[in-house]
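For reference, the structure is listed below as structure tokens.
Just so it is clear, none of the values below were taken in a lab; they were calculated from the coordinates. Quantities reported herein were computed from a predicted structural model and do not represent experimental measurements. FYI the Cβ positions are ideal-geometry reconstructions off the backbone, even for glycines, and counts take in every protein chain you see.
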Amino acid sequence: MPLQIGVFPFGLAFGILGVESGLSQLQTLLLSSIVFAGASQIVFAQLTSTMTPASIIIGTVGIVNLRHVLYGISLSEYLRDLPLRWRLVLAYLITDESFAVSYKRFSEEKKTTSMHYHLLGSGLTLWFSWQIATFLGIFVGHFVPESLNLEFAIPLTFIAIIAISIKDKPRLTVFLISALMAIILKDLPWNLWIIGSALIAISAGVLFSNLRKRTQ
Amino acid sequence: MIWGVILLSGVVTFSTRFLPLSGLMPRQLPKLVQNGLQYVSIAVLTPIVVNAVLINQAKDIAWDDNPKIFAALIALLIALISKSIVLTLMVGLAVIWLFELIF
């Protein structure tokens, strides 16, 4: 249940933002079904509205979604023996939220042959909530008064995800450096501040955690 | 043109999801890569937040008359304590609305 509640304001905000940033209603809606990844859709809308070259948009989307690789690696222990059609469908449904609930379930309970239905369930639930929320954002969004600042739901959702992820000193370092770099690099052309800040912060995190291991 | 970018973004996104399940990738990635991947979420989301909260359309830092900074800091605090996305959303939006009401 909390899955849908959390994702709903975010999807609504994306629907509004998509149309506002110059995408057509259909493009905004289909971004939610073709890409189906909140953070990168936000970035996509932001970058297209500021005349960013296509290669940079696609590259930024790729970097933002790299975290899925980690989810896939964790899940592959449970899913790698499934038929290809299952792996294709389940891969498409991997999101921060569905991964969080289903991986927890997988790692806590005994392996069974039907456990992948849990991921199918959490993934589809999220998929439908996301499509409906986007749809409402596109078509009903302009009735929402501007003073409600619904778009602020986007950074708020990210703040929550970040805060939950800061579990140790290397991650805190990554947080602080990426925040600082976002300010320093803000004037880079083509919105390269996203890729730039992310790569520098990731490198700093790797360096920091390796130095820490060596001194321990 | 924009449709092509949407489709390619979809392909790229799907690849990040499917590659580890495809059987084409080694089961054990180099330690350095595994380590780096763990930081991707924080490293990409933080700049997006900082930009949305702090930087205005003219690419300047908006310190003055900016309730978003205050709301974001409160939200961060709530998120650190509660670990709840829903609660963070509610409190953060409530702070912004309160500002709108008062000022």
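Listing A:Thr125, A:Thr60, A:Thr52 from fewest to most neighbouring C-beta atoms within 10 Å gives A:Thr125, A:Thr52, A:Thr60.
Could the peptides A:39-50, B:75-86 be put in order, highest first, of the mean number of other beta-carbon atoms found within 10 Å of their residues? Mind dumping the intermediate values first?
Details: A:39-50: 22.1, B:75-86: 18.8.
Most protected by this proxy first, the peptides run A:39-50, B:75-86.
Charge tally around B:Gln34: other residues with Cβ under 13 Å, Lys/Arg +1 each, Asp/Glu -1 each, net +3.
So for the range A:166-216, Kirkwood radius off the Cα pairs, Stokes-Einstein at 4 °C and 1.567 mPa s: how many µm² s⁻¹?
Values: Rh = 11.3 Å.
My calculation gives 115 µm²/s for D.
Projecting the Cα atoms of A:Leu93, A:Ser122, A:Ile73 onto the charge dipole of the range A:66-160 (Cβ charges, centred on the Cα centre) puts A:Ile73 farthest toward the positive pole.
For the range B:39-102, what value does the Rg/Rh ratio take when both radii are computed over Cα atoms and Rh is the Kirkwood radius, given to two decimals? Can you show the working numbers first?
Values: Rg = 12.6 Å, Rh = 12.6 Å.
Reported Rg/Rh (Cα atoms, Kirkwood Rh): 1.00.
Within the shell of other residues whose beta carbon sits under 15 angstrom from the beta carbon of B:Phe103, the net charge comes to -2, with Lys and Arg scored +1 and Asp and Glu -1.
When only alpha carbons of chain A are considered, Rg and Dmax amount to 18.5, 58 Å. Between the amide H of B:Ile55 and those of B:Ala62, distances stay under 5 Å, these residues lying 5 or more places away or on another chain, with hydrogens modeled in the peptide plane. Would the range A:117-216 count as rounded, prolate or oblate if I go by the C-alpha gyration tensor, calling it rounded below 1.5 in a/c and otherwise prolate when a/b exceeds b/c, oblate otherwise? Oblate is the answer for the range A:117-216, as a/c is 1.5 or above yet b/c matches or exceeds a/b.
Rounded to the nearest whole Hz, the Karplus-based 3J(HN,Hα) values (6.51 cos²θ - 1.76 cosθ + 1.60, θ = phi - 60°) of the range A:122-136 follow the sequence 5, x, 5, 4, 5, 4, 5, 4, 5, 5, 5, 5, 4, 4, 5, with x at glycine and proline. The phi-based Karplus calculation (6.51 cos²θ - 1.76 cosθ + 1.60; θ = phi - 60°) puts the 3J(HN,Hα) values of the range A:164-180 at 5, 7, 6, 9, 8, 5, x, 5, 5, 4, 4, 4, 5, 5, 5, 5, 5 Hz, whole numbers, x for Gly and Pro. Neighbour counting of Cβ atoms within 10 Å sorts the residues A:His68, A:His142, fewest neighbours leading, into A:His142, A:His68. The 3J(HN,Hα) values that the Karplus relation (6.51, -1.76, 1.60; θ = phi - 60°) gives for the range B:97-103 are, in residue order, 4, 4, 4, 4, 5, 7, 9 Hz. Gly and Pro appear as x.
Which entries of A:Lys111/B:Lys31; A:Lys104/A:Lys167; A:Lys104/A:Lys213; A:Lys169/B:Lys68 have Cα-Cα distances beyond 19 Å here?
On the way: A:Lys111/B:Lys31 27 Å; A:Lys104/A:Lys167 17 Å; A:Lys104/A:Lys213 27 Å; A:Lys169/B:Lys68 27 Å.
Check vs 19 Å cut-off fails for A:Lys111/B:Lys31; A:Lys104/A:Lys213; A:Lys169/B:Lys68.
Quick check: residue separation of A:Lys169 and A:Leu199 times 0.36 nm, minus the Cα distance between them. What number comes out in nm? Walk me through the intermediate numbers first.
On the way: separation 30, 0.36 × 30 = 10.80 nm, distance 1.79 nm.
That pair, A:Lys169 and A:Leu199, stretches by 9.0 nm at full extension.
Would you mind counting up the charge near A:Ser98? Only other residues with Cβ under 14 Å from its Cβ, with Lys and Arg at +1 and Asp and Glu at -1. Write out the running numbers ahead of the final one.
Working: positive: A:Arg67, A:Lys104, A:Arg105, B:Arg17; negative: A:Asp96, A:Glu97.
Cβ neighbours under 14 Å give a net charge of +2.
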